[in-house]
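**Q** Just dropping this structure here.
The values are calculated or read from the model by the stated rules, or taken from the named source; none is laboratory data. Model, not experiment: these values are computed from the prediction. A quick note on method: Cβ atoms are made from the backbone with ideal geometry, for glycine too, and the neighbour counts reach across all protein chains shown. Accessible surface areas use protein heavy atoms only, side chains included; no ligands, DNA or RNA. Shrake-Rupley method; radii C 1.70, N 1.55, O 1.52, S 1.80 Å.
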Amino acid sequence: MGTAAQPVFGTDTLRRGVEADTSAMLVSLYADDAELLIVDRNTQPSHPKVLRGRDEIAAMLDDVYSRDMTHKLEECVVQGDRAAYCESCVYPDGVRVLSESMLTLRDGRITGQTMIQAWDE
């Protein structure tokens, strides 16, 4: 059978990736040339944080998944080469984070993502 196929993007694989204990599966859903734009109170719409390529995205996700918090995929809608999802996170002290993402897909991989996130302060 050869090498195991990489997981292809879908609601189930996204849920397994988001809700996992490490970032590995989630990272595997990104294309090598993916781009992620992050908008929040620190990186506002006119100057979003931009991560280019799977390696930069993986470094950010590795940092996020190294923290003591839970991740839950609340909702995901996939239509053709587009998808949107909502993720909620909770730290042990009760601080909550909510993010909404719009994705572009190519060959079962995420090629573009715009994420808007907010957290309790």
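**Q** Do you know which residues across the stretch 61-70 are in a loop (DSSP other than H, G, I, E, B) and not basic (Lys, Arg)?
**A** Ser66, Asp68, Met69
**Q** Same structure, new question: Answer yes or no as to whether Arg15 is at pLDDT 95 or above, assigned to a helix (DSSP H, G or I), open to solvent by 40 Å² or more (accessible area, probe 1.4 Å) and of a type in the set (Lys, Arg).
**A** Criteria met by Arg15.
**Q** How many residues does the stretch 28-70 hold that are among the hydroxyl-bearing types (Ser, Thr, Tyr), over 19 Å from Ile116 (Cβ atoms) and open to solvent by 30 Å² or more (accessible area, probe 1.4 Å)?
**A** Total satisfying the criteria: 2.
**Q** Which residue pairs have Cβ atoms closer than 6 Å, lie 6 or more positions apart in sequence or on different chains, and pair a first residue in the stretch 22-37 that is closer than 9 Å to Arg52 by Cα and part of a strand (DSSP E or B) with a second residue that is polar (S, T, N, Q) and open to solvent by less than 10 Å² (accessible area, probe 1.4 Å)?
**A** Cβ pairs passing all conditions: Leu36/Gln113.
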